[in-house]
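Novice: My structure is below; once you've seen it, I'll send some questions.
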Amino acid sequence: MEYQIKFIPQGRTLKVRPGTSVLRAAREARVFISTRCDGHAGCLMCKVEVEPEHESALTPPSDAELRKLGPLLDQGIRLACQAQICGSAEVRLPEDPLKAAIRKQLERQKENDDLW
């Protein structure tokens, strides 16, 4: 049996076996997710967002996720290194902080240019 996982906004989809971590699936799909701890829930860099309708397609949060993420779990945030696939799902990768800052600066600049 295989399940399908889709990475948003990249739009990449991959079929994986049950029990595959989201991080491993991302690597197989050539979707980059930052990590320093090599998948041991130590760095918290591999956060992904899961919409409520897809929560059941991932295993329940591990003890490490419960300790590390706390209330972020209620917002659909999971650690890609800990969440394992047990159904077809979509996960969203948050925007890179540097790219987000640049995008916001460009938007402000465009707004200012539009005023003139």
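Quick note: the coordinates plus some simple rules give every number you see, no bench work behind them. Treat the numbers as computed from the prediction; the structure is a model and nothing was measured. Here the Cβ is made from the backbone with ideal geometry for all residues, glycine too, and neighbour counts use every protein chain on show.
Novice: What do you reckon, is A29 over 14 Å from I85 (Cβ atoms) and aliphatic (A, V, I, L, M)?
Specialist: The answer is no for A29.
Novice: Continuing with the same structure: Just one of R30, R36, R92 is within 19 Å of R12 (Cα to Cα), among the basic types (K, R), out of contact with any helix residue (DSSP H, G or I) (no Cβ under 8 Å at 6 or more places or on another chain) and exposed (fewer than 12 other Cβ atoms within 10 Å of the Cβ); which is it?
Specialist: After applying the criteria, what remains is R30.
Novice: Got at least one residue in the range 102-111 being surrounded by 18 or more Cβ atoms within 10 Å (Cβ to Cβ) and either part of a helix (DSSP H, G or I) or in contact (Cβ under 8 Å) with a residue 24 or more places away in the chain (or both)?
Specialist: Checking the range 102-111: not a single residue is surrounded by 18 or more Cβ atoms within 10 Å (Cβ to Cβ) and either part of a helix (DSSP H, G or I) or in contact (Cβ under 8 Å) with a residue 24 or more places away in the chain (or both).
Novice: Please indicate, with yes or no, whether at least one residue in the range 60-68 is surrounded by 14 or more Cβ atoms within 10 Å (Cβ to Cβ), assigned to a helix (DSSP H, G or I), in contact with a helix residue (DSSP H, G or I) (Cβ under 9 Å, 6 or more places away or on another chain) and of a type outside the set (A, V, I, L, M, F, W, C).
Specialist: Of the residues in the range 60-68, the ones surrounded by 14 or more Cβ atoms within 10 Å (Cβ to Cβ) are 61-62, 64-65, 68.
Filter again for assigned to a helix (DSSP H, G or I), leaving 64-65, 68.
Still in the running and in contact with a helix residue (DSSP H, G or I) (Cβ under 9 Å, 6 or more places away or on another chain): 65.
Now restrict to residues that are of a type outside the set (A, V, I, L, M, F, W, C): 65.
So far as the range 60-68 goes, yes, one or more of its residues are surrounded by 14 or more Cβ atoms within 10 Å (Cβ to Cβ), assigned to a helix (DSSP H, G or I), in contact with a helix residue (DSSP H, G or I) (Cβ under 9 Å, 6 or more places away or on another chain) and of a type outside the set (A, V, I, L, M, F, W, C).
Yes or no, residue by residue, for (1) without any contact (Cβ under 8 Å) to a residue 24 or more places away in the chain; (2) not β-branched (V, I, T):
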| residue | (1), (2) |
| --- | --- |
| Y3 | no, yes |
| L14 | yes, yes |
| I33 | no, no |
| A41 | no, yes |
| C46 | no, yes |
| R67 | yes, yes |
| A80 | no, yes |
| E95 | yes, yes |
